[in-house]
1. When residues of the range 31-43 are filtered for being in contact (Cβ under 8 Å) with a residue 12 or more places away in the chain and surrounded by fewer than 16 Cβ atoms within 10 Å (Cβ to Cβ), how many remain?
2. Considering each of 65, 96, 80 in turn, give the residue that is of a type outside the set (Asp, Glu) and within 13 Å of the chain's Cα centre (by Cα).
Amino acid sequence: MKTSLTSCREVSLARGRLGRLVVFVACAYFTRAPLARVLAGVVSGAAVAGFGIAVDVLAHQRGWWRYPAVGDRGFGPLVWYAGAGIGVSGLSLIAWRADRRWGLTGTIVFLLGLAA
């Protein structure tokens, strides 16, 4: 039985999305964040995804970069931005917990670890 490259790619993308979601849920669980904080993390992720699309469209219009696979659309596949948004949501919960537990020192250590 032959499988097409498209179906393999779709399975890979679905697995990646599910993995990001599992990591976000784990971040929410292990940081013991209240529902309002989890929702704030999701909103921050949506803002990052929207900002990423806006930056890519602007860069495409200015000729700074482009995604050849999507033609003249100006931005990449939406799943890329959703993945980035989910990732930022989880990171924001970890940063919140570090700040809450260790204060400014925890925030600085978190940011240095993120930058490393």
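Any read-out appearing in this document is the output of simple, stated calculations on the displayed coordinates, not a laboratory observation. Keep in mind that what you see is a predicted model, and the values were worked out from it rather than measured. Neighbour counts run over all protein chains shown; Cβ positions are idealised from the backbone, glycine included.
1. Count: 1.
2. Values: 65 fails: within 13 Å of the chain's Cα centre (by Cα); 96 fails: within 13 Å of the chain's Cα centre (by Cα).
Step by step, each of 65, 96, 80 is checked, and only 80 is of a type outside the set (Asp, Glu) and within 13 Å of the chain's Cα centre (by Cα).
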